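What follows draws every value from the coordinates through simple rules; no lab data is involved. The shown structure was predicted, so the numbers you read here are calculated from the model rather than taken from an experiment. Backbone-built Cβ (ideal geometry, glycine too); neighbour counts: all protein chains shown.
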Amino acid sequence: MDSVKRKRIVRAKKKRKIRGTISGTAECPRLSVFRSSKNIYVQAIDDLSEKTLASASSKDKDFSLASGGNRKAAKEVGRMIAERLLALNIKDAAFDRNGFIYHGRVKDLADAAREGGLNF
């Protein structure tokens with residue numbers, strides 16, 4: 001089996017397992033993180049009504065850094081999502097790492113969101 005194909009399969013299995021335990025509500029949405037090689041994205045999702053409450057990414061107009069694929073960018077996106085959720089009076093969230101290892105950019109995004117005032 002090709003190593004790239006195996007990585008995709010392993011991540012999909014992790015993702016299914018995580019989604020079986022984490023669910024978001026209007027008061028405590030699920031923060032779903034996706035990282036690509038060039039950008040990082042996060043959404044606050046209410047799974048009961050199947051709506052996205054807020055989102056932030058390194059491709060937003062408010063994003064100030066030149067590169068979106070590094071740890072500084074992840075910290076900036078984490079700060080942005082925290083501001084947007086606090087503006088909606090949402091202080092609690094459930095973190096969904098989406099099958100990615102909790103390390104590097106994913107961890108920096110989570111830490112920046114916590115520093116911005118979110119609890120998870």
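Conditions (1) in a helix (DSSP H, G or I); (2) over 11 Å from the mean Cα position of the chain (by Cα), marked per residue:
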residue	(1), (2)
1	no, yes
11	yes, yes
26	no, yes
33	no, no
45	no, no
52	no, yes
81	yes, no
114	yes, yes
Segment 1-25, residues that are farther than 18 Å from residue 52 by Cβ and among the polar types (S, T, N, Q):
3, 21
Checking residue 65 against (1) more than 17 Å from residue 22 (Cβ to Cβ); (2) crowded, with 17+ Cβ neighbours inside 10 Å, the condition it does not meet
(2)
Do we have residue 35 as over 21 Å from residue 111 (Cβ atoms) and not acidic (Asp, Glu) here?
no
Pull up segment 98-109, narrow it to residues that are without any contact (Cβ under 8 Å) to a residue 60 or more places away in the chain and surrounded by 13 or more Cβ atoms within 10 Å (Cβ to Cβ), then point me to the one that is farthest from residue 82 (Cα to Cα).
104
Among the residues of segment 20-27, is there at least one that is touching a helix residue (DSSP H, G or I) at 6+ places or on another chain (Cβ under 9 Å), touching a residue at least 24 places away in the same chain (Cβ under 8 Å) and either within 15 Å of residue 112 (Cα to Cα) or surrounded by 14 or more Cβ atoms within 10 Å (Cβ to Cβ) (or both)?
no
If residue 36 meets every condition in (1) of a type outside the set (Lys, Arg); (2) within 18 Å of residue 120 (Cα to Cα); (3) in contact (Cβ under 8 Å) with a residue 24 or more places away in the chain; (4) loosely packed, with under 15 Cβ neighbours inside 10 Å apart from one, which number is that one?
(2)
